[in-house]
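Inspection log for the structure reproduced underneath, given as structure tokens.
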Amino acid sequence: MWRLFRSSAAGNMSKPAKRLTSITLAEMDFDADAAMSDFRKGIENAGAIVSFLGQVSAESDDNPVTALFLDHMPQATRASIEKIADAAEARWPLLKASIIHRVGTVNCGQPIVFVACAARHRRDAFEAADYLMDFLKSDVLLWKKEMRADGAAWIEPRAQDYDDKKRWDT
């Protein structure tokens with residue numbers, strides 16, 4: 001399936017004419033199995049579907065974690081995710097993509113992010129999902145606070161998260 005792109009006056013390619021990525025900022029827990037089932041609908045021509053599910057870990061740097069709080073500004077957070085999705089759609093021939101990101105309080109073991117990508121070929125689906133996660137970890141306008149037994153602490157992306165993102169600079 002060929003996607004149409006609009007050219008700018010300078011000749012650069014801009015975002016796809018129609019976004020293929022569904023984006024949800026979820027304030028409540030979501031069912032990852034249901035998200036995958038919904039994602040698979042209508043993409044019978046996909047040869048590959050790749051998904052990633054991130055969940056809140058019960059420890060961070062050997063500190064017990066009880067929950068993660070994700071503060072956000074709805075419009076700005078969504079816009080930052082849309083920018084990442086547009087870049088992935090421009091780079092790979094995706095048939096469909098989905099991003100669900102939790103906001104608010106997320107307890108240990110609950111899903112925090114779901115990413116799925118469908119393409120005709122596996123490499124495109126794998127790389128697009130990997131790209132989306134690398135940029136979601138470091139570029140989305142979210143503020144994260146770990147709730148721990150000994151108190152709460154705001155956290156930043158790790159150096160490794162920024163290094164992972166750099167590999168896409170080519």
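Summary table below
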read-out	value
Per residue accessible area of region 45-91, 1.4 Å probe, in Å²	54 Å²
Of every Cα-Cα pair in region 61-100, the percent that sits beyond 16 Å	55 percent
Euclidean distance of C-alpha centroids, region 26-54 and region 98-119, integer Å	10 Å
Leading residue at positive end of dipole, the chain (Cβ point charges), from V140, M73, A48	A48
Cβ charges +1 (Lys, Arg) and -1 (Asp, Glu), total dipole of region 9-101, debye	780 debye
Where R158, R148 fall by accessible area, highest first, once all protein chains stay in place (1.4 Å)	R158, R148
GNM flexibility winner over the chain from A149, A128, A46 (Cα, springs under 10 Å)	A149
Cross-link pairs beyond the 30 Å C-alpha cut-off, checked among K18/K41; K83/K144; K41/K144; K96/K144; K96/K137	K41/K144
Computed accessible area, M73, all protein chains, 1.4 angstrom probe, square angstrom	100 Å²
Note, ³J(HN,Hα) from phi for region 86-102, Karplus 6.51, -1.76, 1.60, rounded to Hz, x at Gly and Pro	4, 5, 5, 5, 6, 8, 10, x, 7, 8, 6, 8, 9, 10, 10, 10, 6
Structure-derived P(r) over Cα pairs in 5 Å bins from 0, in percent - corresponding label in [x] 1, 7, 14, 18, 19, 17, 14, 7, 2, 1, 0; [y] 1, 8, 16, 19, 20, 15, 10, 5, 3, 1, 0, 0; [z] 1, 8, 16, 19, 18, 12, 7, 5, 4, 3, 3, 2, 1, 1, 0	[y]
Top of D31, D139, D124 by mean-square fluctuation, Gaussian network on the chain, Cα under 10 Å	D31
Carbon and sulfur %, accessible surface of region 48-138 computed with the full protein complex present, 1.4 Å	51 percent
For region 51-66, 3J(HN,Hα) per residue [Karplus equation, 6.51 cos²θ - 1.76 cosθ + 1.60, θ = phi - 60°, Hz, x = Gly/Pro]	9, 9, 10, x, 9, 6, 7, 7, 8, 9, 6, 6, 9, x, 10, 9
Among G109, G54, G151, residue whose mean-square fluctuation peaks in a GNM of the chain (springs only between Cα atoms under 10 Å)	G151
For region 85-146, fraction of C-alpha pairs farther apart than 17 Å, in %	43 percent
The chain - mean residue ellipticity at 222 nm from DSSP helices (-39,500 (n - 2.57) per run, n ≥ 4, rounded to 500)	-10000 deg cm²/dmol
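The values are calculated or read from the model by the stated rules, or taken from the named source; none is laboratory data. Keep in mind the model is a prediction, meaning the values are calculated, not measured. Neighbour counts run over all protein chains shown; Cβ positions are idealised from the backbone, glycine included. These accessible areas exclude ligands, DNA and RNA; they are computed on the full protein's heavy atoms, side chains included. Shrake-Rupley method; radii C 1.70, N 1.55, O 1.52, S 1.80 Å.
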